[in-house]
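Trainee: Input: one structure, supplied below.
Please treat every number below as a calculation from the coordinates, not as lab data. It should be emphasised that the depicted structure is a prediction, and the values quoted were computed from it without experimental measurement. Note that we place each Cβ from the backbone using ideal geometry, even for glycine, and neighbour counts take in every protein chain shown.
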Amino acid sequence: MKENICVTGEGRAEKSIDKCELQTRLIRWAREHPADFPWRKRISRFHALAVEILLQRTKAVQVVPVFHRFRKVFPTAKDLASSRITTVRSLIRPLGLIWRAEFLKSLGEEIIKTGNRIPEEYNDLLVLPGVGPYAASAYLSLHRKIRRPIIDSNTVRLYCRLLGYSYDGETRRKQWIYDVADEMTPEEEFRTFNYALLDFTREVCKPKPECDRCPLTDICLGFRDR
Ligand code: SF4
């Protein structure tokens, strides 16, 4: 079924894209190129939220060894809350963005304070230390079966290229890009779709895109207009 969504990004010409085609092809691509990361298997809610904080602005492949160590050293939120900050810092140091250590420790303390309960509401998650829009949406849609669109620099790049729009570091904070991502995200297979987005933007529609192996060239306005 063809279902176009029409988008007008602030002061830009209206563009449209067939969202069913996009969803179908991205999901098919992901099934043909399965990625295996430890956080895609069954893990505790605490580890699921923590890993989404570790994955922010960080390459997934770098996070793998740190995440294995994190689970071993901090099997529960209580272990993290009662740890020394120096331990957390040295554990996540290989990833950079070392300020996340304070947030992670505070997150452990907060989870313990609220009886080991992690909220299932997007706005309640945002109140937790270190949890921003990306981590909250990723936690809910990838680990809790609650639909949320994923917006980060990679998905912004993909959506803007598909629609033939320019973008910059501030685009991800705009309402119109949220509306695009929300429209594109399927009602049912949102978890598979969101993982497909993350994998596809890591492997194909990278900062330097590999359009010659992309299954979206005929619906990508950026490719058509280049
Ligand atoms: S055709 Fe190129 S720019 Fe367009 S989505 Fe595919 S990889 Fe990205």
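Trainee: Using Cα positions and a limit of under 19 Å, work out the lysines in reach of Lys78, with same-chain residues fewer than 8 apart set aside.
Mentor: Lys105, Lys113
Trainee: Then there's this: Going by amide H atoms built from the backbone, whose H comes under 5 Å of the H on Ile17, apart from near neighbours?
Mentor: Amide H to amide H, under 5 Å and 5 or more residues apart or across chains, Ile17 pairs with Ile5.
Trainee: Here's a follow-up. Quick one: if you take sqrt(5λ) for each eigenvalue of the C-alpha gyration tensor of the stretch 38-143, what semi-axes come out, biggest first, whole angstrom?
Mentor: On the way: eigenvalues 66, 52, 33 Å².
In descending order the semi-axes read 18, 16, 13 Å.
Trainee: What is the P(r) of the stretch 157-226, as percent of Cα-Cα pairs per 10 Å bin from 0?
Mentor: So the P(r) values, bin by bin, are 18, 52, 29, 1.
Trainee: Once you keep just the Cα pairs under 8 angstrom separated by 6 or more residues, what percentage relative contact order results for the chain?
Mentor: This gives 23 percent for the chain.
Trainee: So which lysines can Lys206 reach, going by Cα to Cα under 16 Å and dropping same-chain residues fewer than 8 places off?
Mentor: Within the straight-line limit of under 16 Å, Lys206 reaches these lysines: Lys59.
Trainee: Between Glu188 and Arg69, what length in nm is gained on full extension when 0.36 nm per residue of separation is reduced by their alpha carbon distance?
Mentor: Result for the pair: 39.5 nm of gain on full extension.
Trainee: Which three semi-axes in whole Å describe the equivalent ellipsoid of the stretch 85-168, each the square root of 5 times a Cα gyration tensor eigenvalue, listed largest first?
Mentor: For the stretch 85-168, the ellipsoid semi-axes come out as 28, 19, 9 Å.
Trainee: Taking H placed 1.01 Å from N in the peptide plane, check which residues at least 5 places from Arg148 or on another chain put their amide H under 5 Å from its amide H.
Mentor: The list, which skips near neighbours in sequence, is Ser141.
Trainee: Let me ask something additional. So what is the 222 nm mean residue ellipticity for the chain from helices alone, if each DSSP H run of at least 4 adds -39500 (n - 2.57) and you divide by all residues, rounding to the nearest 500 deg cm²/dmol?
Mentor: So the helix-based figure for the chain works out to -15000 deg cm²/dmol.
Trainee: Also: Over the stretch 51-105, what lengths in whole Å, largest first, do the semi-axes of the equivalent ellipsoid take, defined as the square roots of 5 times the eigenvalues of the alpha-carbon gyration tensor? Write down the numbers at each step before the final one.
Mentor: Working: eigenvalues 57, 29, 17 Å².
With the √(5λ) rule applied to the stretch 51-105, the semi-axes are 17, 12, 9 Å.
Trainee: Using unit Cβ charges (K, R positive; D, E negative) and no other charged atoms, how large, in debye to the nearest 20, is the dipole of the stretch 17-102 about its Cα centre?
Mentor: Roughly 260 debye, rounded to the nearest 20.
Trainee: So for the pair Ile27, Val127, with labels modelled 7 Å out along Cα→Cβ, what separation do we get in nm?
Mentor: Computed distance between label sites Ile27 and Val127 equals 3.5 nm.
Trainee: With the Cα gyration tensor of the chain giving a ≥ b ≥ c as the square roots of its eigenvalues, does the rule (a/c under 1.5 for rounded; else a/b larger than b/c for prolate; else oblate) give rounded, prolate or oblate?
Mentor: prolate
Trainee: Could you work out how far the C-alpha centroid of the stretch 163-199 sits from that of the stretch 16-78, in angstrom?
Mentor: Measuring centre to centre over Cα atoms gives 17 Å.
Trainee: Got the relative contact order for the stretch 38-143 handy, in percent, Cα pairs under 8 Å and 6 or more residues apart?
Mentor: 30
Trainee: Here's another thing I want to ask about it. If you bin every alpha carbon distance in the stretch 101-226 into 5 Å steps from zero, what whole percent lands in each bin?
Mentor: So the P(r) values, bin by bin, are 2, 10, 18, 20, 18, 13, 9, 5, 3, 2, 0.
Trainee: Here's something else I'd like to know. Which whole-Hz couplings ³J(HN,Hα) result when phi for each residue of the stretch 138-150 is put into the Karplus expression 6.51 cos²θ - 1.76 cosθ + 1.60, θ = phi - 60°, listed in order with x for Gly and Pro?
Mentor: Once rounded to whole Hz, the list reads 5, 4, 5, 7, 8, 10, 10, 6, 10, 5, 8, x, 9.
Trainee: Moving to a separate point now. For the chain, what are the DSSP H helices with axial Cα length of 24 Å or more and mean Kyte-Doolittle hydropathy of at least 0.0?
Mentor: Span-like helices in the chain: none at all.
Trainee: So, one more: Mind listing the phi-derived Karplus ³J(HN,Hα) values for the stretch 124-130, rounded to whole Hz, using 6.51, -1.76 and 1.60 with θ = phi - 60°, and x for any glycine or proline?
Mentor: Rounded to whole hertz, the list is 6, 5, 5, 6, 6, x, x.
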